[in-house]
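Step one of this worksheet: look at the structure below.
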Protein chains: 2
Amino acid sequence: MPVKVTLPDGSVKEYPDGTNALQVAESISKGLAKVVVAAKVNGEIMDFHRPLPQECTVLLIKEDSPEGLDVIRHSAAHIMAGAVKRIYGDKVKFGYGPPVEDGFYYDMEFPEGTKISEDDLGKIEAECKKIIESNFPFERKDLPKDEVLGLMQKTGQGYKVQTITENIKDPTASIYTDGDFTDLCEGPHVPATGRVKAIKLTKVTGAYWKGDQKNAMLTRLYGTAWHSQKALDDYIKRLDEAKKRDHRKLGQELELFMFHEWSPGAVFFMPKGAVVYNELMSFIREEYRKRGFQEVVTPQLYNKGLWQLSGHWDHYQENMFLLDIDEDKFSLKPMNCPSHVLMFKHRTRSYRELPLRIADFCPLHRNEVKGVLSGMTRVRKFEQDDAHIFCTEAQIGQEIAGQIEFVNRVYNEVFKMPFQAKLSTRPEKFLGKIETWNAAEAALEKALKDNKVSYTINAGDGAFYGPKIDFDIKDALGRNWQLATIQLDFQLPVRMGAEYEGQDGQRHHPVMIHRAILGSLERFIGVLTEHYGGVFPLWLAPVQASVVAVSPVSDEIAAYAKQLHQKLLDAGLRSEIDLSEDNISAKIKARELQKIPFMAVVGAKEAAAGTVAVREHKKGNRGVIAADDFVSNLRRDVAARTSTI
Amino acid sequence: MPVKVTLPDGSVKEYPDGTNALQVAESISKGLAKVVVAAKVNGEIMDFHRPLPQECTVLLIKEDSPEGLDVIRHSAAHIMAGAVKRIYGDKVKFGYGPPVEDGFYYDMEFPEGTKISEDDLGKIEAECKKIIESNFPFERKDLPKDEVLGLMQKTGQGYKVQTITENIKDPTASIYTDGDFTDLCEGPHVPATGRVKAIKLTKVTGAYWKGDQKNAMLTRLYGTAWHSQKALDDYIKRLDEAKKRDHRKLGQELELFMFHEWSPGAVFFMPKGAVVYNELMSFIREEYRKRGFQEVVTPQLYNKGLWQLSGHWDHYQENMFLLDIDEDKFSLKPMNCPSHVLMFKHRTRSYRELPLRIADFCPLHRNEVKGVLSGMTRVRKFEQDDAHIFCTEAQIGQEIAGQIEFVNRVYNEVFKMPFQAKLSTRPEKFLGKIETWNAAEAALEKALKDNKVSYTINAGDGAFYGPKIDFDIKDALGRNWQLATIQLDFQLPVRMGAEYEGQDGQRHHPVMIHRAILGSLERFIGVLTEHYGGVFPLWLAPVQASVVAVSPVSDEIAAYAKQLHQKLLDAGLRSEIDLSEDNISAKIKARELQKIPFMAVVGAKEAAAGTVAVREHKKGNRGVIAADDFVSNLRRDVAARTSTI
């Protein structure tokens, strides 16, 4: 019987019995076969030399795809384990060795007395490279479970024994062998060690077996592996760049923000960081105005009665900061929704008032465990560009479209950050009517299509109260951040008894849309600081222009410089002035370090002619122009929120 | 021996022995004598018919002065007590009966079974008026304490007996008699009951004897009294106006803000109130920019370590909301100062950075007792236009002058609210060097004089850490509100170890200036709402202009109205539009009720001519002008923050 293979483009091909995915690749092109590392057969990823079933779909996995890199890294983990065994002998016991984002690790127990540090990574890496050069095939064997168990017992691999007895329910188990190293493993792997074309070991940490503090502390070796040396080099470069751009480092150097042990998980925005914070709020407020949002300012402490009504008391309490007030329990609000419903319910609402779009920058507090707090990205206190839209079911489509357009405006037009959407649909357990869900999901998908947003569907991944769209935003280093979100909620208005009087004179529950574009301002500013490497675009820059006088600073030059500085201030620009007698190149260098976008250098010639010598950050000299043009050019660029990276 | 009297103008006059203050008044003018109710002799206020000492200063107290009104109201309290005694008999026991702001009260114990309600006030007031018509003289007697005690025991006045035994240390005590009523009293009083020219009893409440819950509950009768019927009528009119302007009432009617039992003492600013809130912040931010303030954004939760260091843990803890976090105690910050010192201490500071002016709108929380919470004026959560200036001692004068000018700008120029300053100087217990205090107090006083601010001195009333200036701001109803404040602090920087490197290379503690111009934004908005009676000036108005189409609304009129509405929005103005077919006078009335400053009425004629018929709130028709002029006029007035009442 021939093998019938359906390819991703829908075409169907027939192959002789026993054909494997590699042969399918070769039948398409020799070049393709060289860059394929595994295959997804009937949706399941596997080694490409396993014979294909009689009828199947086949997706060839290329080495530079995310799934291909996972396979390479998983194989690299085996290679590293083999290298360790070669150097440290048979007494090393192995735990788990999975691929992770951008790399892999393997947890191991070294013989007593053997301490591994980062100094040892060099020789292990060298041994890995030898194994790669040998180009050992990765050979898979599917054996009866007991046989594998016996093998692991014989070789003293206690953690593997434990894995087999506790986790493997099938009657068989698979092992993989590359050269002199054999490991319990489900696969898949690259066909041979030579396909791991670039490897680098990166660090050593401790890790509890299975992540449980009650278990033994193992040694975890980390590494990264890529499909080419160039890809590895690029990755190392990105890592270095990310280190340079680390917002905690830049925040300190540029005096944007600080932290203090007395307020863990909360950001102190210093004056320069507060400028960025306030400019972002102004920007969003301006967009709100155009889009019919109304801002409110709300309390932060609420009686537990509110949280009981909203359901947070039962389902979210461990994330809330609780207080004893008036002999009752209160909480700092972790989110705005319930308080906005209170405002909606404050008086009788009519369908004429819908959609009602309520925006709120109120500080929120969530009790994250102290250990996971990190810079601006994991905090306990934050503000969101949060808003809730109360609307009718018929208005869902229009409102979602408006919010997607909003996301487009902010990320595509202003921040020049590309994004992808994920549409999460009805889960197994859900509340509300199926027809409402279907109509809503169709409306969400139509809005994505109409706005030409590229998206994937996470089927069944919506919340029980409604479907949602999350947006992954890509920064300048190619990293993805989930920032914007749009969530439908059929449930909270029902639970909290929010109603409006419809055109039919009857009472109805509105639909609620939870949405944020920037998300937490703290997190967003952290991301933005790294995205721009601290070189904020003109409209966000804490100092936009520096008036720098050339020494010796005569009275004329000083007067002219001050006049220009005042003109900049009067034009609403953030200007500073340097009239010191320091050397001009030192003055310029200090401002380059502070990443100030523009300098207006003024000496005797400029003072006489009413001009400025313009310097732009990193671009240097930009020529001499009239002082008034300098002011009006800056004003124009600020108003346009021009952004370049 | 003649009596030697120094008058307030510095002139010295001689009178025969036994002369009293009334005779001094008569010697100056008959008219003056008629409006004098008491005298301040050597600084002590007393009845004007007591003989003057040999040598003294005399200040005649007129009936319409604050002190004169106090005397009238104190006498009115006796008159009311006498009236009650006439009606309810000798069994009524009297407690205290002092003058209070705008009136007086008397606490009394009625015989068992007698319940007094506001329905009874009419007959008591009528009896008061009979006593006033009788024009009984107020006669003072100074008697041995025991004699007075005996008298009070005999008449069954137990509360008076208690007062004599517990509070009177002198060997003598004074009693006052008017007609058939005698009371233990220090005085002074008007010469005769007829000088209480206008009286009105206002309400009945309960009150514990001496304000202590463990004591008996007495009945408190309130009244008001004035030097003329016209003054009383004006007062009643002001009260009515204040009731109409009550910010809680207007807040509800105009949908500015709301309250909810689940967040006691915290304001929900609805969209319209949030406009006022944000406009005030923008205004203050604009002034900050001109004055070299730098804004910061700060955390709200701090470990007790901060409060122990600042001293709040020991002296302010009962006002703080406490939380258990990370197995330690934290508090929501009740004030910003300690957190600003943390930011100052974040790195080494140089004298070159001073003065450093740090502004912060962060929400603050103070645990006020639930019972005293009231509207916007007594709240638990609020934001201030708070700032701290870190400066050298030499910079105090310049900085204080700058802040007084700031107060001038805000209240005189923008809100048109007159104010008076109170300078509070070194108390008996103080910290720091006397020379520093003297120099600072001189600097404060000079700044007040230089800025032509009228002020009084509260000698010894400063805080232990520094002198201060408080500003009493007068609203449109003539009520005083203490809003702005400027406080010097020599202490906190020392206590918290804040230092800068001086020009001399040595480390010094900066001086800290705590200051707020509006004070709590919540309270200020409450005051402002009443000051303007809800008719906010154009720049603060939640809706600035209404485009109202005349019905029948043709396509041309609708298109023209929409175009105008969009022009207003594009000009940054807050506009709304009404294209309904409702009657034009109904449309106008609805907007008058919402106190919208301007309406642009457009019909066929206006659409054809490109004009608008302008209506201004309360002023009605303001003529027909070009639509573009309407937009630019509004823009101009908003930018100028034009304010009329």
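Would you say B:Ala266 is facing chain A (nearest Cβ under 9 Å), free of Cβ contacts under 8 Å to residues at least 12 places away in the same chain and buried (at least 21 other Cβ atoms within 10 Å of the Cβ)?
No, not satisfied.
Residues being surrounded by fewer than 18 Cβ atoms within 10 Å (Cβ to Cβ) and over 13 Å from A:Phe490 (Cα atoms): count how many of those fall in segment A:419-444.
So the answer is 6.
May I ask you to list the residues in segment A:366-383 that are within 14 Å of chain B (Cβ to nearest Cβ) and in a strand (DSSP E or B)?
Of everything in segment A:366-383, those that are within 14 Å of chain B (Cβ to nearest Cβ) and in a strand (DSSP E or B) turn out to be A:Lys381, A:Phe382, A:Glu383.
Which one of these does A:Ile577 not meet: (1) farther than 14 Å from A:Val543 by Cβ; (2) free of Cβ contacts under 8 Å to residues at least 40 places away in the same chain; (3) not in a helix (DSSP H, G or I)?
(1)
Spot the failing condition for A:Phe330; the list is (1) part of a loop (DSSP other than H, G, I, E, B); (2) at pLDDT 95 or above, and only one is missed.
Here A:Phe330 meets the rest and fails (1).
With B:Ala463, B:Ala442, B:Ala476, B:Ala394 as the choices, which residue is within 24 Å of B:His247 (Cβ to Cβ) and either within 21 Å of the chain's Cα centre (by Cα) or without any contact (Cβ under 8 Å) to a residue 24 or more places away in the chain (or both)?
Checking each option against the conditions leaves just B:Ala476.
Of the residues that sit in segment B:215-263 and are among the hydroxyl-bearing types (Ser, Thr, Tyr) and buried (at least 16 other Cβ atoms within 10 Å of the Cβ), which one is nearest to the other protein chains (Cβ to nearest Cβ)?
Going through the qualifying residues, I end up with B:Ser263.
Please specify each residue of segment A:421-433 satisfying the condition of being modelled with pLDDT of 90 or more and of a type outside the set (D, E, K, R).
If the condition is that a residue be modelled with pLDDT of 90 or more and of a type outside the set (D, E, K, R), then A:Ala421, A:Leu423, A:Ser424, A:Thr425, A:Pro427 are the ones that fit.
Is it the case, given these coordinates, that B:Leu477 is touching a Lys or Arg at 6+ places or on another chain (Cβ under 6 Å), in a loop (DSSP other than H, G, I, E, B) and aliphatic (A, V, I, L, M)?
Yes: the conditions hold for B:Leu477.
Would you call B:Lys587 of a type outside the set (Val, Ile, Thr), more than 14 Å from chain A (Cβ to nearest Cβ) and open to solvent by 20 Å² or more (accessible area, probe 1.4 Å)?
No, not satisfied.
What's the number of the only condition in (1) farther than 19 Å from A:Val511 by Cβ; (2) more than 18 Å from the chain's Cα centre (by Cα); (3) assigned to a helix (DSSP H, G or I) that A:Gln403 fails to meet?
All conditions are met except number (1).
Mind listing whichever residues of segment B:366-411 are basic (Lys, Arg) and open to solvent by 40 Å² or more (accessible area, probe 1.4 Å)?
B:Arg366, B:Lys370, B:Arg378, B:Arg409
Could you tell me which residue of segment A:343-365 is surrounded by the fewest Cβ atoms within 10 Å (Cβ to Cβ), considering only residues that are over 19 Å from A:Gln384 (Cα atoms) and facing chain B (nearest Cβ under 10 Å)?
Applying the filter and picking the extreme gives A:Arg347.
Which residues, taken from segment B:28-42, are outside any strand (DSSP E or B) and within 12 Å of B:Leu7 (Cα to Cα)?
B:Ile28, B:Asn42
Determine if segment A:53-74 includes at least one residue that is among the hydrophobic types (A, V, I, L, M, F, W, C), touching an Asp or Glu at 6+ places or on another chain (Cβ under 6 Å) and not in a loop (DSSP other than H, G, I, E, B).
Yes, the conditions are met somewhere in segment A:53-74.
Please find, among A:Lys619, A:Lys567, A:Lys595, the residue that is over 36 Å from the mean Cα position of the chain (by Cα) and of a type in the set (Lys, Arg).
A:Lys567
Every residue in segment B:272-303 that is touching a helix residue (DSSP H, G or I) at 6+ places or on another chain (Cβ under 8 Å), acidic (Asp, Glu) and more than 8 Å from chain A (Cβ to nearest Cβ), please.
B:Glu287
Matching residues to (1) open to solvent by 80 Å² or more (accessible area, probe 1.4 Å); (2) modelled with pLDDT of 95 or more; (3) touching a helix residue (DSSP H, G or I) at 6+ places or on another chain (Cβ under 7 Å); (4) hydroxyl-bearing (Ser, Thr, Tyr):
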{"site": "A:Lys562", "(1), (2), (3), (4)": "yes, yes, no, no"}
{"site": "A:His565", "(1), (2), (3), (4)": "no, yes, no, no"}
{"site": "A:Met599", "(1), (2), (3), (4)": "no, yes, yes, no"}
{"site": "A:Ile625", "(1), (2), (3), (4)": "no, yes, no, no"}
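Name the residues in segment B:491-528 that are open to solvent by less than 10 Å² (accessible area, probe 1.4 Å) and either of a type in the set (Asp, Glu) or in a strand (DSSP E or B) (or both), would you?
Within segment B:491-528, B:Val511, B:Met512, B:Ile513, B:Arg515, B:Ala516, B:Ile517, B:Leu518, B:Gly519, B:Glu522 qualify.
Considering each of A:Pro363, A:Pro355 in turn, give the residue that is closer than 25 Å to A:Lys304 by Cβ and either of a type outside the set (Phe, Trp, Tyr) or modelled with pLDDT under 95 (or both).
Matching residue, one of A:Pro363, A:Pro355: A:Pro363.
Limited to segment B:11-27, what total is found for residues that are among the β-branched types (Val, Ile, Thr), crowded, with 18+ Cβ neighbours inside 10 Å and assigned to a strand (DSSP E or B)?
0
Restricting to segment B:304-323, name every residue that is at the interface with another protein chain (Cβ under 8 Å from one of its Cβ atoms) and either among the acidic types (Asp, Glu) or in contact with an Asp or Glu (Cβ under 6 Å, 6 or more places away or on another chain) (or both).
Residues satisfying the conditions do not exist here.
Can you say whether A:Ala484 is at pLDDT 95 or above, open to solvent by less than 30 Å² (accessible area, probe 1.4 Å) and not in a strand (DSSP E or B), as far as the supplied structure shows?
no
Say we look at segment B:186-214 and pick out the residues that are buried (at least 18 other Cβ atoms within 10 Å of the Cβ) and among the charged types (D, E, K, R); which of these is modelled with the lowest pLDDT?
So the residue we want is B:Arg195.
Rundown of residues vs (1) touching a helix residue (DSSP H, G or I) at 6+ places or on another chain (Cβ under 6 Å); (2) surrounded by 13 or more Cβ atoms within 10 Å (Cβ to Cβ), yes/no style:
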{"position": "A:Ala76", "(1), (2)": "no, yes"}
{"position": "A:Phe94", "(1), (2)": "yes, yes"}
{"position": "A:Gly97", "(1), (2)": "yes, yes"}
{"position": "A:Asp120", "(1), (2)": "no, yes"}
{"position": "A:Lys123", "(1), (2)": "no, no"}
{"position": "A:Ala126", "(1), (2)": "no, no"}
{"position": "A:Lys145", "(1), (2)": "no, yes"}
{"position": "A:Met152", "(1), (2)": "yes, yes"}
{"position": "A:Gly158", "(1), (2)": "no, yes"}
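Criterion first (under 25 Å from B:Glu353 (Cβ atoms) and touching a residue at least 40 places away in the same chain (Cβ under 8 Å)) does A:Gly526 satisfy it?
Spelling it out, it is not the case that A:Gly526 is under 25 Å from B:Glu353 (Cβ atoms) and touching a residue at least 40 places away in the same chain (Cβ under 8 Å).
Among the residues of segment A:323-342, write down those that are closer than 21 Å to A:Glu368 by Cα and either of a type in the set (S, T, N, Q) or crowded, with 17+ Cβ neighbours inside 10 Å (or both).
Within segment A:323-342, A:Leu323, A:Lys329, A:Phe330, A:Ser331, A:Leu332, A:Lys333, A:Pro334, A:Met335, A:Asn336, A:Cys337, A:Pro338 meet the criteria.
The values are calculated or read from the model by the stated rules, or taken from the named source; none is laboratory data. Keep in mind it's a predicted model, so treat the numbers as computed, not measured. Positions of Cβ are generated from backbone atoms using ideal geometry, with glycine treated the same way; all protein chains shown enter the neighbour counts. SASA here: full protein model, heavy atoms, side chains in, ligands and nucleic acids out. Shrake-Rupley method; radii C 1.70, N 1.55, O 1.52, S 1.80 Å.
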